[in-house]
1. What does the charge add up to near Thr52, with Lys and Arg as +1, Asp and Glu as -1, over the other residues with Cβ less than 15 Å from its Cβ?
2. Considering only the other residues whose Cβ falls under 9 Å of the Cβ of Glu11, what net charge follows from Lys and Arg at +1 and Asp and Glu at -1?
3. Can you divide the C-alpha Rg of segment 42-86 by 2.2 N^0.38 Å and report the result to two decimal places?
4. What are the equivalent ellipsoid semi-axes of the chain, built from the alpha-carbon gyration tensor (square roots of five times its eigenvalues), in whole angstrom, biggest first?
5. What is the magnitude of the charge dipole of segment 1-72 about its Cα centre, with +1 placed on the Cβ of each Lys and Arg, -1 on the Cβ of each Asp and Glu, and no other charges, expressed in debye to the nearest 20?
6. Report, in degrees rounded to the nearest 10, the 0 to 90 angle that the Cα long axis of helix 58-78 makes with the longest principal axis of the chain.
7. Which residue fluctuates most in the GNM of the chain (Cα springs below 10 Å): Ser57, Ser32, Ser20?
8. For segment 17-23, in order, what is each residue's ³J(HN,Hα) by Karplus, 6.51 cos²θ - 1.76 cosθ + 1.60 with θ = phi - 60°, in whole Hz (x at glycine and Pro)?
Amino acid sequence: MGAELTLGAEEELHLIDLDSWELSARAPQLLSRLPSAAYSAEIQRTTVETNTAVVASLSDLREELLRLRKDLVAVAEREGLGVAAVGT
């Protein structure tokens with residue numbers, strides 16, 4: 001019998017100043033308020049990386065991605081920041 005298949009994902013999100021609509025290099029401040037197991041720094045200080053838990057289905061992965069986005073948005077809003085997906 002084979003091993004159970006699992007998956008996880010990382011997602012990079014830019015921080016946007018909601019007054020100027022410019023990138024905001026405040027990722028370190030936000031990361032200090034988020035759990036390090038799920039959020040990490042990127043090379044650019046304008047970007048936060050999310051890291052899902054390992055899950056067994058695409059629907060579980062979707063739930064994880066949405067949860068991480070929601071929690072990041074909540075922290076960012078308190079700082080006058082928005083969040084936008086990074087395209088690579």
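The values are calculated or read from the model by the stated rules, or taken from the named source; none is laboratory data. All values reported here derive from a predicted model rather than from experimental measurement. Every residue, glycine as well, gets a Cβ built from its backbone with ideal geometry; the counts of neighbours run over all protein chains shown. What goes into the accessible areas is simple: the full protein's heavy atoms, side chains included, and nothing from ligands, DNA or RNA. Shrake-Rupley method; radii C 1.70, N 1.55, O 1.52, S 1.80 Å.
1. -4
2. -2
3. Rg over 2.2 N^0.38 Å, computed on Cα atoms: 1.28.
4. 27, 12, 11
5. Magnitude of the dipole: close to 200 debye.
6. Roughly 20 degrees, rounded to the nearest 10.
7. Highest fluctuation of the listed residues: Ser20.
8. 5, 6, 7, 9, 6, 10, 4
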